[in-house]
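Heads up: the structure comes next, in structure tokens.
The numbers here are math on the coordinates, done by the rules we state, and not lab data. This one's a predicted model, so the numbers in the text were calculated from it and none came from an experiment. Don't worry about glycine lacking a Cβ; one is built from the backbone with ideal geometry, like all the others, and counts go over all protein chains shown.
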Amino acid sequence: MNRLIIFCFLVGCYSVSAQDFQTPLQKNGFTRPSSYEELSEFVRQADAGSGLLTVEAAGNSVRGRNIYAMKFSSSVFGVDRSKIRVFLFAQQHGNEHSGKEGALLLAAELLKPENRYLFDRIDLLLVPQVNPDGSEESQRRNGNEADLNRNHLILTEPETITLHRLFDQYHFDVTMDVHEYYPYGETWKEYGYRNNSDELLGTATNINVSEKLRRLSNESFLPFMKEFFSGRNVSNFIYSPGGPPEIDYIRHSTFDINDGRQSFAILNTLSFIQEGINGRDLFTDNIRRRAEGQMTGMRGLLEYSYDNYRKIKKTVAAERKKLIRGVAGKTVSIQNEHVRDGRTLPLPLWSYSTGTDTVVNVIDYRPVVRSLYDVRKPCGYMIPAELVDVTAWIARHALVTENFAGGDRYRIEQYDVSSIDSTDFEGDMIVNPEVTLREHDAGIKYSDYIYVPTSQLKGNMIVIALEPKSMLGLVTYPGFANLLRANDKFPILRVTRK
Ligand SMILES: [Zn+2]
């Protein structure tokens, strides 16, 4: 505080003290979204006004705007290993402003002295605006017309690359990706009801994610948050897309690992998605309540992390160790489906006819993700160095690579692709090749390959990405589809132990 006073003395104090720091949205009376310029000014002032916060431009958008990383730490961010590391990020989708506004409200809250205790245990990285280009145009996609929240596996966009670079640097224990959901669709209107919860929370659903972490999310975090939200008058439910009930099935969101929640969860992170209700006119509709609802969820995650920091850190570390150690021979699920388990879902909805909240009991409720196809996890994959699209992908994910020269203990395997069929993936048709795995013909020139061992933090992600039959794999993306050719060999080789 002394430093702030002296600073004010020297330059003439025009900014308010940290204690009643206002966000651009508060300043404009909740009438319009914060512009990129206003957000930039806000984070600069917050940085200058507090010893708790350091702000840096962690990367740039397609059009060169800054992606701000707000680092909250009572010491030097990321240095104290006893602290739990939390990563919150918002507005991957540029037309979902409430996440950004909630994140800025949170930042202002966290600078108040009474909230200082959180940082006895937490180092927090807050990225309030992942997609500034989309935000300025109020459009979902980024400056390259890419949907960032489908880009976390192929990682081709500067905005998602920035998020993963930050993750790779600090290996966060807990992450949350903040969005908005749109409940006003025509099929729901015809159905007569729609979702109306202020906030929806989703947990990891890919079954390769540590079961312990999924259980902690579902059995400990969600009940905590239900109470946290309810105590603050924020209506809430578990994220349950699909429907309307009995017209289409309801599930707990995709098992794909290309989004902000699951791409970190697959690294055995305690990872979540938060979806605040969208405003019908995209912004001003109820924006104060929506921004505060988003802030409440993020605040709840911090309180939960604070209360449970030892347990979370211990579980995350132990589950990551398994990935890093690498269990060759263990199976990884690469094709999945949602199935019922006999339960029904009491889904809170709002009635168009009566204008009141109600509960609909959903029969076609498929909460369980079941594996349809497993592969044995190899020791690693050999990537032909000439496959520059794949080697560039390896670099973007900062995967560990090694020199590998074969040897008697290893068996090199290759897939023969006989045909390229298709399969249903959550309503979309995707490639599903017929393959046969066999020992590779003799005579490999090892120097022509890059070796990616699976014994690393991203080991399960690597298997899901590189297997030709993976319904979540690289081959399902246009940029990598040429890896699959009927009546040809799959160019990426598997290395297993004999
Ligand atoms: Zn979104």
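Here's the picture: a label point sits 7 Å out from the Cα of LYS489 along the beta-carbon direction, and within the range 363-381 the residues with their amide nitrogen under 20 Å of it are 378-381. At a Cα cut-off below 14 Å, give the aspartates and glutamates reachable from LYS458, other chains included and same-chain residues fewer than 8 away excluded. Within the straight-line limit of under 14 Å, LYS458 reaches these aspartates and glutamates: ASP168, GLU319. The angle between the Cα long axis of helix 36-49 and the longest principal axis of the Cα atoms of the chain comes to about 70 degrees, rounded to the nearest 10. Ranked for footprinting exposure by Cβ neighbours inside 10 Å, fewest first, ARG165, ARG121, ARG251 give ARG165, ARG121, ARG251. Less than 5 angstrom separates the built amide H of ILE450 from those of ILE383, ALA385, all sequence-distant by 5 or more or on a different chain. Rounded to the nearest whole Hz, the Karplus-based 3J(HN,Hα) values (6.51 cos²θ - 1.76 cosθ + 1.60, θ = phi - 60°) of the range 237-242 follow the sequence 7, 6, 4, 9, x, x, with x at glycine and proline.
Round to the nearest 10 and give me the degree value, 0 to 90, for the angle of helix 97-110's Cα axis relative to the longest principal axis of the chain. Orientation of helix 97-110: about 60 degrees from the principal axis.
Per the Kirkwood formula applied to alpha carbons, the chain shows a radius of gyration over Rh ratio, Rg over Rh, of 0.99. Overall, the range 381-492 carries a charge dipole of about 360 debye about its Cα centre when +1 sits on the Cβ of Lys and Arg and -1 on the Cβ of Asp and Glu, all other atoms neutral. Over 22 Å between C-alpha atoms is what I'm after, so list which of LYS100/LYS314; LYS71/LYS112; LYS321/LYS377; LYS226/LYS311 land there. Over 22 Å Cα-Cα: LYS100/LYS314. Extent along the principal axes, Cα only, for the range 156-202: 48, 24, 11 Å, with the longest axis given first. Listed values for the range 291-298 are Karplus-derived 3J(HN,Hα) couplings in whole Hz (6.51 cos²θ - 1.76 cosθ + 1.60, θ = phi - 60°), namely 5, 5, x, 5, 4, 4, x, 5, and x replaces Gly and Pro. With each label modelled as a point 7 angstrom along the Cα→C-beta vector, the LYS445-GLU109 pair spans 6.1 nm. When a/c reaches 1.5 or more, the comparison of a/b and b/c decides; with that in mind, is the range 392-495 rounded, prolate or oblate per its Cα gyration tensor? Oblate is the answer for the range 392-495, as a/c is 1.5 or above yet b/c matches or exceeds a/b. Relative to the longest principal axis of the Cα atoms of the chain, the long axis of helix 309-325 lies at roughly 20 degrees. Of the residues LEU387, LEU201, the one with the fewest other Cβ atoms within 10 Å heads the list, and the complete ranking is LEU387, LEU201.
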